[in-house]
């Protein structure tokens, strides 16, 4: 019986990891820069990449928290009786702070996960 040598991460897993980290960094930049509605793209990319790739399983709770905090702000904006034309203008500062904190937690978890794998 032969033991196979450990495989190097393939191209798709590296691409998925890069997608997650770039998306996680883009979310606080967009929210703080008053482009909160556009942050739906990196949030959905990060969530999709972590759900599709088994190597990123450790990040699933953190991206789920990020998606949940963003979705709650989006739902509150959409369900509001007198909503502003922009999500950034109608979003409570505490909600923006929670989204930024969730994104920073995802970034931290990504780097700790990567360091633990080495």
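The values are calculated or read from the model by the stated rules, or taken from the named source; none is laboratory data. Just so it is clear, the model here is predicted, and its values are computed rather than measured. Because the Cβ atoms are built from the backbone with ideal geometry, glycine has one as well, and the counts that use them run over all protein chains shown.
For the subset of the stretch 27-46 comprising residues that are touching a residue at least 40 places away in the same chain (Cβ under 8 Å) and in a helix (DSSP H, G or I), which member is surrounded by the fewest Cβ atoms within 10 Å (Cβ to Cβ)? Going through the qualifying residues, I end up with 32.
Does the stretch 83-105 contain any residue that is under 26 Å from residue 15 (Cα atoms), out of contact with any helix residue (DSSP H, G or I) (no Cβ under 6 Å at 6 or more places or on another chain) and either in contact (Cβ under 8 Å) with a residue 12 or more places away in the chain or in a helix (DSSP H, G or I) (or both)? Break it down stepwise before answering.
Filtering the stretch 83-105 down to residues under 26 Å from residue 15 (Cα atoms) leaves 99-105.
Filter once more, keeping what is out of contact with any helix residue (DSSP H, G or I) (no Cβ under 6 Å at 6 or more places or on another chain): 101, 104.
With the extra rule that they be either in contact (Cβ under 8 Å) with a residue 12 or more places away in the chain or in a helix (DSSP H, G or I) (or both), the set shrinks to 101, 104.
Within the stretch 83-105 (the criterion being under 26 Å from residue 15 (Cα atoms), out of contact with any helix residue (DSSP H, G or I) (no Cβ under 6 Å at 6 or more places or on another chain) and either in contact (Cβ under 8 Å) with a residue 12 or more places away in the chain or in a helix (DSSP H, G or I) (or both)), the answer is yes, since at least one residue qualifies.
May I ask you to say which residue of 64, 26, 97, 54 is at negative phi and at pLDDT below 95?
The unique qualifying residue is 54.
The requirement of being at pLDDT below 95 and crowded, with 21+ Cβ neighbours inside 10 Å is fulfilled nowhere in the stretch 74-86; no residue meets it.
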